[in-house]
Amino acid sequence: MKKKKMRLLLLPLIIISLNSGILLGQNEKKSVHDMRIPKNLEQCFKKLEKTLSNEELEVIKTFQEDSIYHHEEFKYGTDFFHAWKLYDGSRLTRYFNKKGLKGSHEICNTILISYHRYLNNKPIDLEGQIAKYQAKQKKQYEAYLAKTKKDSINGIYIPINLEDCFQTLNKVLKEEDINTIKNLESREEVIQYHHGFGRWLRNNWGLWGGSRIQKYLIEKGLKHPDDMSHTILEFYYDWLNGNNEEWQKFEKK
């Protein structure tokens, strides 16, 4: 009798344990890094469902679509952004590029908005989303081109080539600063100006946002503003010390 009663008492506990195990199995999330990169938007939805946390899913489903990308859950970059190599020409990047959407962050935001609409049974309208980005990017590119044709931005003269940079630096710098740069032990020592005067060059000569000197340096093979400001200062040191061979060779690229 006692054994039978004990079995009856244990039965609910066994059922609860079994159900808990089933539920845990159902709620277990996979790592997006362990899954293949999707090849289209539909595959993105299936993989997001299996890999996003419940908190992330709740944000995507319930927040306004234009605020999801900037929410705290996503503002430092999602796992799928890195796992799917949206910045590195993955097959998913190529899928969106073929549809006319460029830019890793634009692709990431499009995925989030599309998934939000999918979860809420709304029309995804991928073509409309892409057209909106294309119009914005066209406007930005036109503004960029306009900057590359200006000889000054925000009241500051923008040099047109390296030699013009040197002449301009001689005008904006104090004589003592010019002499300090000239008397450095080597051109490599201009690195000490990276966070000071180098930042001033990057911000005021349009090395980030676009300018004719930025365009000139891009055409010479430099891509990053840090490299641009460093190259200008290295060649300025050479020019001050009468070493003209290297910067003149650079100009002829």
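Give Gln26, Gln43 a once-over and let me know the one that is of a type in the set (S, T, N, Q), modelled with pLDDT of 90 or more and part of a helix (DSSP H, G or I). Before the answer, list the steps.
Numbers: Gln26 fails: modelled with pLDDT of 90 or more.
Step by step, each of Gln26, Gln43 is checked, and only Gln43 is of a type in the set (S, T, N, Q), modelled with pLDDT of 90 or more and part of a helix (DSSP H, G or I).
Checked against (1) surrounded by fewer than 12 Cβ atoms within 10 Å (Cβ to Cβ); (2) of a type outside the set (A, V, I, L, M, F, W, C); (3) at pLDDT 95 or above; (4) farther than 21 Å from Asn121 by Cβ, Tyr76 passes all but a single condition, namely (3).
Here's the yes/no breakdown for (1) touching a helix residue (DSSP H, G or I) at 6+ places or on another chain (Cβ under 7 Å); (2) surrounded by 16 or more Cβ atoms within 10 Å (Cβ to Cβ); (3) not polar (S, T, N, Q):
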{"residue": "Lys138", "(1), (2), (3)": "no, no, yes"}
{"residue": "Asp151", "(1), (2), (3)": "no, no, yes"}
{"residue": "Ile158", "(1), (2), (3)": "yes, yes, yes"}
{"residue": "Val172", "(1), (2), (3)": "no, no, yes"}
{"residue": "Glu175", "(1), (2), (3)": "no, no, yes"}
{"residue": "Glu189", "(1), (2), (3)": "no, no, yes"}
{"residue": "Phe197", "(1), (2), (3)": "no, yes, yes"}
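Restricting attention to region 58-87, report how many residues are in contact with a Phe, Trp or Tyr (Cβ under 9 Å, 6 or more places away or on another chain) and not in a loop (DSSP other than H, G, I, E, B). Counting residues in region 58-87 that are in contact with a Phe, Trp or Tyr (Cβ under 9 Å, 6 or more places away or on another chain) and not in a loop (DSSP other than H, G, I, E, B) gives 4.
Is one or more of the residues making up region 146-160 among the hydrophobic types (A, V, I, L, M, F, W, C), without any contact (Cβ under 8 Å) to a residue 12 or more places away in the chain and closer than 19 Å to Glu234 by Cα?
Kept after step one, since they are among the hydrophobic types (A, V, I, L, M, F, W, C), are these residues of region 146-160: 146, 153, 156, 158, 160.
Retained after the next criterion (residues that are without any contact (Cβ under 8 Å) to a residue 12 or more places away in the chain): 146.
Then drop every residue that is not closer than 19 Å to Glu234 by Cα, which leaves none.
Scanning region 146-160, I find no residue that is among the hydrophobic types (A, V, I, L, M, F, W, C), without any contact (Cβ under 8 Å) to a residue 12 or more places away in the chain and closer than 19 Å to Glu234 by Cα, so the answer is no.
Of everything listed in (1) touching a Gly at 6+ places or on another chain (Cβ under 8 Å); (2) in a helix (DSSP H, G or I), the single unmet condition for Trp247 is (1). Just one residue in the set Thr93, Thr78 is under 15 Å from Glu42 (Cα atoms) and of a type in the set (S, T, N, Q); that residue is Thr93.
Among the criteria (1) of a type outside the set (Gly, Ala, Ser); (2) in contact with a strand residue (DSSP E or B) (Cβ under 7 Å, 6 or more places away or on another chain); (3) over 21 Å from Glu251 (Cα atoms); (4) loosely packed, with under 13 Cβ neighbours inside 10 Å, the one Asn179 does not fulfil is (2).
The values are calculated or read from the model by the stated rules, or taken from the named source; none is laboratory data. Because the structure is predicted, anything quoted here is derived from the model rather than measured. All Cβ positions, glycine included, derive from the backbone under ideal geometry; neighbour counts span all protein chains shown.
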